[in-house]
Amino acid sequence: MKIETKCLHSGYQPKNGEPSVMPIVQSTTYRFDSCDHVAELFDKPTEFMYSRFANPTCECVEKKIADLEGGVGCMLTSSGQAASLLSVLNLCSAGDSFIASSSIYGGTINLFGFTLKKLGIECIWVDVDASYEEIVAAFKPNTKCVFGETIANPALTVFDFEKWAKAAHSQNIPLIIDNTFATPILCRPFEWGADIVVHSTTKYMDGHAVQGGGAIVDSGNFDWEKAYKETGKFADMIEPDESYHGLKYVGDFGKAAYIVKARTQLMRDFGCYPAAQSAFYLNLGLETLPLRMKRYCENAKKVAEFFKTSDKIASVSYPGLEGDKYFDLAQKYLPEGTCGVVSISIKGGRQAAVRFMDALKLASDEVHVADIRTCVLHPASATHRQLTDEQLVAAGIDGGMVRFSCGLENIDDIIADIKLGLAAI
Ligand SMILES: *Cc1c(COP(=O)(O)O)cnc(C)c1O
């Protein structure tokens, strides 16, 4: 099946007489006939037993997202933040370090730089545009993974997968990618060497601003056994899990070791699981994702081109626009389009940006992005408020920056609204 078809048919294929639309299984628990049966489930978690581990509705959506990304397994989480957290905790413990591109989502910067630090896990920041040699030089003996974002929110830098994957794999280390802005419609990181993908499904995947969620997808490609033999790292992928009756992740689950471990250890213990109802909404969003991504990209390109013509704008970032710093990388990794978000920097800094935003009538000022309706945000005073000036610069943000997230409205109406904003500066 091609990706548009997968969006409609993967994950749930009703049999004769079954509902055409994936049902919501609103039950946290399951009934069994014997004590032995339940005991077996604790040895080998192969059936539904409790919603913290798995739910039939969620599982359909997990299968669909795994299929869209080309992975062997997927686990939904209650938010994108939970997905990023668990993706790293599945590999790093206190005393370990990991490398992250400095150009990533503000919430992830907080999580990695402050909260994981409190848990004894060090994040080593590396410039998204660092050379291969600079990336390799950043590894420490205790480094366990590398993290980057396909198109960073909101700096709109494009991640050079081949360079980063080669650097990570030269050290026997897996590469985790936040693919939220591109979605698997426009970029499939596994095809470029990434090992794990995470998503905030709250954004384009849902698209309608009706559910919050996240996903972790395992490519099944990382060779944990080889890495363990050569570096001694990832012992808990290979050796029996004391907390789960001696389950061996690679031994018992092969290519799905990472995602099974994320579920059986981390979801079991942290419990940040999604509701079946949320998975149902997410699935509705996924069904139309290819159509929507196409339109978001068309609108965003026109918006970026329009901003370029204004003398009130200091700079326009949109990797789909010729002349953009990341145009060539975007052509390579996202030839069919990048995303619907355009970042602009307004001349006159913070004050001018606020005036522009407050004058908009159609586009709403929202703490959200990648919605079906056009929305705007001022990162320096909202999502990235906690960052120091230095961190803001590293994340590609300044006081005049506005994140303009194009919706699916008619482009003429969006441009008319932008004209109102510009007139107010
Ligand atoms: C929003 C976002 C997140 C966090 O997702 P939540 O669902 O809000 O927890 C992570 N990464 C990116 C790129 C995002 O845009």
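The values are calculated or read from the model by the stated rules, or taken from the named source; none is laboratory data. Note that the structure is a prediction, hence the values are computed from the model and not measured. A quick note on method: Cβ atoms are made from the backbone with ideal geometry, for glycine too, and the neighbour counts reach across all protein chains shown. Keep in mind that these areas ignore ligands, DNA and RNA; they rest on the heavy atoms of the full protein, side chains included. Shrake-Rupley method; radii C 1.70, N 1.55, O 1.52, S 1.80 Å.
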- [ ] Sorted from largest down, give the three principal axis spans of the alpha carbons of region 289-388, whole angstrom values.
- [x] 36, 29, 27
TODO: May I ask for log10 I(q)/I(0) of region 215-352 at q = 0.19 Å⁻¹, from a Debye sum over the Cα atoms as equal point scatterers with solvent left out?
DONE: -1.02
Task: Helical mean residue ellipticity (222 nm; -39500 (n - 2.57) per DSSP H run of 4+; nearest 500) of the chain - done: -10500 deg cm²/dmol
Open item on the list: Can you tell me the convex hull volume per residue for region 291-344, based on C-alpha atoms, in Å³ to the nearest whole number?
Closed with: 62 Å³
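Carbon and sulfur atoms: what percent of the 1.4 Å accessible area of the chain do they account for?
Values: 9160 of 17690 Å².
After summing per-atom areas, the C and S share lands at 52 percent.
Two decimals is fine: what's Rg over Rh for region 6-58, C-alpha atoms, Kirkwood radius as Rh?
Numbers: Rg = 13.8 Å, Rh = 13.1 Å.
For region 6-58, the value is 1.05.
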Task: Cα-based convex hull, region 53-159, per residue volume (Å³, whole number) - done: 122 Å³
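Could you state the per residue volume, in Å³, of the convex hull enclosing the Cα atoms of region 233-301?
Values: hull volume 11.4 nm³, N = 69.
Taking the convex hull of the Cα positions in region 233-301, it is 165 Å³ per residue.
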Open item on the list: I need two numbers for region 1-127: Rg to one decimal and Dmax as a whole number, Cα atoms only, in Å.
Closed with: 19.0, 56
Open item on the list: Compute, for the chain, the length of the dipole vector about the Cα centre, with Cβ point charges of +1 (Lys, Arg) and -1 (Asp, Glu) only. Units Debye, rounded to 20.
Closed with: 640 debye
- [ ] Would you mind checking which residues have amide H under 5 Å from GLU149's amide H? H placed 1.01 Å from N; only 5 or more apart, or other chain.
- [x] ASP178
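Among rounded, prolate and oblate, which fits region 32-102 when a ≥ b ≥ c are the square roots of the eigenvalues of its C-alpha gyration tensor, a/c under 1.5 means rounded, and a/b larger than b/c means prolate?
Working: a/c = 2.75, a/b = 1.61, b/c = 1.71.
Because a/c hits 1.5 or more and a/b fails to exceed b/c, region 32-102 counts as oblate.
With 16 Å as the cut-off, how large is the P(r) tail for region 139-251, expressed as percent of Cα-Cα pairs?
On the way: 4045 of 6328 pairs.
Taking all Cα-Cα pairs of region 139-251, the fraction more than 16 Å apart is 64 percent.
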Open item on the list: As a test question: what accessible area, to the nearest 10 Å², does LYS2 have when a 1.4 Å probe is rolled over all protein chains in place?
Closed with: 150 Å²
Open item on the list: Taking 28 Å as the cut-off for C-alpha to C-alpha distance, list the pairs among LYS140/LYS261; LYS64/LYS117; LYS2/LYS332 that go past it.
Closed with: LYS64/LYS117
Task: Size of region 336-425 as Cα extents on the principal axes (Å, biggest first) - done: 38, 33, 21
TODO: Compute the acute angle (0 to 90°) between the alpha-carbon long axis of helix 349-359 and the principal axis of greatest extent of the alpha-carbon atoms of the chain; round to the nearest 10°.
DONE: 90 degrees
Task: Largest-first principal axis extents, alpha carbons of region 103-143, Å - done: 29, 24, 7
Task: region 160-281, dipole about Cα centre (Lys/Arg Cβ +1, Asp/Glu Cβ -1), debye to the nearest 20 - done: 140 debye
Open item on the list: On the Cα set of region 204-274, report Rg and Dmax in Å, please.
Closed with: 14.9, 46
- [ ] Treating the angle as unsigned and between 0 and 90°, give the value, to the nearest 10°, between the Cα long axis of helix 56-69 and the longest Cα principal axis of the chain.
- [x] 60 degrees
TODO: Return the whole-Å distance between the Cα centroid of region 370-408 and the Cα centroid of region 186-210.
DONE: 20 Å
- [ ] Provide the per residue accessible area, probe 1.4 Å, for the chain, rounded to a whole number of square angstrom.
- [x] 42 Å²
- [ ] Hey, can you grab everything whose amide H is under 5 Å from the amide H of ALA54? Only 5+ residues off in sequence or another chain; H modelled, so Pro and N-termini drop out.
- [x] MET49
Open item on the list: Taking just the alpha-carbon atoms of the chain, what radius of gyration and Dmax come out, in angstrom?
Closed with: 21.8, 74
Task: For region 33-42, Karplus couplings with θ = phi - 60° (6.51, -1.76, 1.60), whole Hz, Gly/Pro x - done: 7, 9, 4, 4, 4, 5, 4, 4, 4, 6
- [ ] From largest accessible area down, sort TYR273, TYR258; use a 1.4 Å probe on the protein chains.
- [x] TYR273, TYR258
